[in-house]
Structures are given as C-alpha cells and as structure tokens.
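The block underneath contains the structure these notes are about, expressed in structure tokens.
The values are calculated or read from the model by the stated rules, or taken from the named source; none is laboratory data. Just so you know, these numbers come straight off a predicted model, no measurement behind them. A quick note on method: Cβ atoms are made from the backbone with ideal geometry, for glycine too, and the neighbour counts reach across all protein chains shown.
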Amino acid sequence: MLPDKIESYLGIVPIVEHHEEDGMVYISIKVERSPELIFLDGKIFGKSGSTTRELKGHDLRARSLKRGEEPWTEGTTSRISMSELNNGIYLDFIRKARSINMLSEDDEQSSIEEIFDKLNLSVEGNPKLGAVLLFHPEQQKFTPGTFVQIGMFRGSDILYQDMVGGPLFSMPDKIIDILFTKYMIAPISFEGIYRRESHPYPMPSIREAVLNLIMHSDYGDKVSMQIKVHADRIEMWNSGSPPENWTLETLLNSHRSIPGNPTIATVFHRAGMVEKFGRGIRTIIDGYEGRETRRPEFSFSISEFCVTFFNDSNIDDDSIVDFSIPNTCKNPLGMKDNEFAVYQLISESRFTTSSEAATLLGVSSRTVDRILSSLQTKGVIERSGSKKSGEWRIKHRDLR
C-alpha cells in the first residue's frame, strides 16, 4: 500500500521494509538516487546542505546541470563565423600554446577551423559558445554573465568599483592587474638600497582563484561574477558549484577534474594557464605555505561558490577612508587623503570626540587619534580647551 502511494505521488518505487526490534515495530524506506528531478504537487524539492527545500530559479537550474544537463557553454551558435574569432586574442592563445608545446609546429600553420575541430571547440563547423566567450571582442552580446564586478567595501557600503569585461581569455590578466594595483595596499620595506613590496595576499593563490572563477562559472545563469574586497579579506563569488554529492571534504582532498565549462578549461590548459588534474583548490592553499595567516575558506550551495582570502598584513583601517564626504574645502596643504578627511570634518565642526569622527569615517577611534596627533604635530590643527570638553580647530599652517 505505502509503496503504491509513494509511486503515485512521486513516480519513484522505494524499498519499504518491516522491522521488529526490542518489542518495537517500525518500517524503513529506502530511496535510490534518481537520475531525474522529482516533482511533488508541481514543485521540485532538493537537498541544500542538511535541509530539504523547494528548488526555484538559480538553484533549479544548477540542480539540472548537476543531473547531466550540458553546460550552456558547450552549446553551439551559427550566428558567429570563425573569421570573427580569428583575431589577436586567438593568435595570442596559439602563441602561448606553441611556446609550451601544447600545440605542434604544424598546428601553428593550421586554420582556425582545423584548430577548433582538433580541440573540440566547435561542432560541425559551428563554434561552441564557450569559444565565443573566450575570443569574441563583444561576448557580452551573448550573456551578461561574462562580466566580473570588483568592488571595495566597508561593511555593506561600497566605496568604489570596476566592471571587467572583454574576451574571457584576456580577462585573468586584467583582473589580477586591477586587484594588485588598485585594490591592495602593499607595505614597503627596504633591504639595503632595494625596495620591497609585500602584498597582503599571495599572487599564485589569487591568480588560481581568478582562473577558477572564470572556468567554473555558470554563464547560462546570466549572473556576473563578483570580487568583493574588504579591509581584512577578499571574497570571490560565481554561479555554479561542485558536482552533486560533493562535500567540502571532497573538494579539499584529492579529486578528479570536473570543469564547469570544459571548452574554457581546455583553452586555459592548452595555454599553460592551469593544470587539468583537479589541483586548483590545492594550488590556492599551497600559496599560503610559510605565511602566518588564516588559510583561505571555501563555501558553496546548490547554485553558487565562494572562496575567501584573509589579509595577513594587518593594514590599519585608515587605509580605506570614505571619500564620499562632501568636499566643502580645498586641500591646499598637500595632506594625505586620510588626513584631509579628518581636516574636513574639523573645518565643518562635525565632531567633538574621536569616536564621533570614527563613526563618520567608518574607521577606528585609534586611527582617528593617530591622524589627529599627526596633524597637530605638523601644525595643521590645534586643541582648544580641555581634553574632555575642548575642541579641535584649524590652524592653517603649510605642511611643508
């Protein structure tokens, strides 16, 4: 009776067994993993972590992919001719692949049609969508999910941001360059006469994470990838997640390579940018060897993946000052940005205590005290009255 009801509701045939133990009578129901999605009253349910919930939108799409549906990038298009992809980006790929012997000398003389056929980047003369995203100069026409949003955050507030687009093959270098030149502060030290910059994050780990971000994102989901930079950490998010039934333990241990986008992974591998043996996570972790900081953390749900890197340089939060404060006075004294932000607040009489200034700027009271002390030493400001009831005033003396 019970198996019949389950089959009529869900379309599956479970194994129902009767048991007696210690005077107790109970039944067990065993259900094999179904290769298809299971409906109940027109809804689809699935496991997300330790809970079972209805699957909708992004989660439903992601579960379908995990059940064997082909990634969007493996489809083909007849809208794009091979000649449109035979450009400088494609030629750069050929040069890189040849330099590490991932393509032969004969391949270098082959047509793009022959190379695409050899590397399984096309089907019956039509390029795969993954190849279009890799080499076409305007791949955003096919999906908005190819953009990478990079933003600097303080709490939930965004201070500034960049949108990185263009052919996927050239995107990793662009992202790395922006991250390490605009979004990271590298403390400077000297060894003799030589200047040394120590970045708060290991380049190999960040580079590998960026490549994984691009290779494994679900571009058919039409959601852009995101990199969120905070004072103490960097978070990289993308649609898509590891195969069904994989756990965090599976991911961190040795595992086989299952790229989210085989076409994109093939090109990156042939160009020598990544290995093809499921070592991406291990490479990210190995970059932290010898560093006395928290190791990267990984998390994922049905439809998204995140890797978090932690800052190991203990940079003070005065390195990120909110420049959105209205610029009501000029900076004639050549002050540093953090000094000028405090100078503005004093000129407008907007605070009486360090904690008030810290709240306005989103930094610590200790940081404000240090800036006030520096400005006072340089003769830019002065204290009027007692420490408890006095106030800071502008002294207007040149910093030079």
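Scanning region 92-114 for residues being more than 31 Å from the chain's Cα centre (by Cα) and in a helix (DSSP H, G or I) gives a total of 7. Where strands (runs of 3 or more DSSP E) fall wholly inside region 132-226, the ranges with 3 or more residues that are more than 24 Å from Glu84 (Cα to Cα) and at pLDDT below 90 are 157-164, 188-191, 194-197. Kindly establish whether Lys128 is closer than 24 Å to Arg79 by Cβ, assigned by TED's automatic domain parsing to the domain that holds Cys306, basic (Lys, Arg) and at pLDDT 90 or above. Considered against the rule, which asks whether it is closer than 24 Å to Arg79 by Cβ, assigned by TED's automatic domain parsing to the domain that holds Cys306, basic (Lys, Arg) and at pLDDT 90 or above, Lys128 comes out as yes. I'd like the residue in region 115-137 that is on the phi > 0 side of the Ramachandran plot and over 29 Å from the mean Cα position of the chain (by Cα) and, out of all such residues, is surrounded by the most Cβ atoms within 10 Å (Cβ to Cβ). Here the residue is Gly125. Inside region 196-251, residues that are without any contact (Cβ under 8 Å) to a residue 12 or more places away in the chain, among the acidic types (Asp, Glu) and touching a Ser or Thr at 6+ places or on another chain (Cβ under 9 Å) make up a count of 1.
Being at pLDDT below 90 and touching a Lys or Arg at 6+ places or on another chain (Cβ under 6 Å) is the requirement here; does Gly11 meet it? Judged against the criteria, Gly11 is not a match.
Note on region 262-301: among residues that are in a helix (DSSP H, G or I), β-branched (Val, Ile, Thr) and within 18 Å of the chain's Cα centre (by Cα), the one that is surrounded by the fewest Cβ atoms within 10 Å (Cβ to Cβ) is Ile285.
For region 240-249, the condition holds for at least one residue, the condition being that it is at positive phi, in contact with a strand residue (DSSP E or B) (Cβ under 9 Å, 6 or more places away or on another chain), surrounded by 15 or more Cβ atoms within 10 Å (Cβ to Cβ) and in a loop (DSSP other than H, G, I, E, B). Being of a type in the set (D, E, K, R) and more than 20 Å from the chain's Cα centre (by Cα): is that true of Glu244 here? Here the answer is yes, as Glu244 does meet what is asked.
Restricting Ala62, Ala97 to residues that are modelled with pLDDT of 95 or more and of a type in the set (Gly, Ala, Ser) narrows the list to Ala97.
The residue list Glu348, Glu275 contains one member that is of a type in the set (Asp, Glu), modelled with pLDDT under 85 and in the same structural domain as Met152 (by TED's automatic domain parsing), which is Glu275.
Looking across region 302-314 at every residue that is modelled with pLDDT of 80 or more and either of a type in the set (Gly, Ala, Ser) or closer than 27 Å to Lys222 by Cβ (or both), the one that is surrounded by the most Cβ atoms within 10 Å (Cβ to Cβ) is identified as Phe309.
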